[in-house]
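I have placed the structure first, in the form of C-alpha cells, so that the comments after it can refer back to it.
The values are calculated or read from the model by the stated rules, or taken from the named source; none is laboratory data. Everything quoted here is computed from the prediction, not taken from an experiment. Backbone-built Cβ (ideal geometry, glycine too); neighbour counts: all protein chains shown.
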C-alpha cells in the first residue's frame, strides 16, 4: 500500500473561551520541508510540535498552522493608558482637534497597546496536542486515499507496458526476418558473388547485435518487481523511482536495437506510459 505526499488535515478545538484551529497541508518534496506557524505564546513548544509532525509525515513540503481565537472576555492585550494620554497631550499641542479624533490617532501610535506575556496553560496545550493528533490522522487518511488512486493508476499503466511488451515479443520473429531480407537484398544489389559461409557469419553477427532477448526478460522482471513493490508494506516513492529507471533503461535499449518501424512504434507507446508513471511516482511518500 502506497501513500501520496499530497494531503490536507484540519481540526477545530473549542474551549470555553477560545477556538483553536489546526491546519496541516502537504505537497510532494524530495525530503521533509516543514514550515510551522504558531502563536508567540507557544514558541517554546514549536520544536516539540515539529518533531511530532516529522515523525508522522516523514516526507513532503508540509505547512502547519495553529490559530487561537479568543471568544470570551479573556484577553492579554490591554490599553497602555499612560502612553495614550501622553500621545493625546502631545497631539493637542500640534493640532486643534476633537478629543475623540485625538484619541483615534493616539491609539494607532506605537506602544498604545501592550500585551502581557501569557503563560502556557497545560490543559490548553494538551487539547492542542489532541487536535494535532486528529489533524494528522485526517491528513494521513487523505494521503492513503490519494495513494490508492495512484496505486490503481500504476497497476493499469504497468499492465499496459506488459501488454506492449507482448506485442514486442510477437513482432520479434517478423523483425528478424525483415533484417535478414534487407541484408540479402543489399547483397544482391551489389551484383557480386558472395561467399555463402561469410554471408552467414555476417548475418549471425548482425542478428546478435540486434538481439533483444535479454532486454525482454529483464523488462518483464522489472515490471513484476514494480507491481510486487506496490503491494508491499515498505513501498515508497524513492524505491519505485529506482525501479522505473531500470524499466526505462530496458525500453530504451529495445528501441535502439529494434531497427524495425512497427516495433519502434510500440516502444514509443511504452515510453509514454512509463513517463506518466515517473511523473506520478514523484507524489509517492
Original post:
over 19 Å from residue 126 (Cβ atoms), assigned by TED's automatic domain parsing to the domain that holds residue 133 and modelled with pLDDT of 90 or more: does that describe residue 40?
Top reply: no
Original post:
Considering the range 7-32 alone, what residues qualify as being under 18 Å from residue 139 (Cβ atoms) and in a loop (DSSP other than H, G, I, E, B)?
Top reply: 28, 29, 31
Original post:
Taking residue 82, is it without any contact (Cβ under 8 Å) to a residue 24 or more places away in the chain, part of a helix (DSSP H, G or I), more than 29 Å from residue 238 (Cβ to Cβ) and outside the structural domain of residue 234 (by TED's automatic domain parsing)?
Top reply: yes
**OP:** Residues being part of a loop (DSSP other than H, G, I, E, B) and touching a residue at least 40 places away in the same chain (Cβ under 8 Å): count how many of those fall in the range 214-255.
**Re:** 3
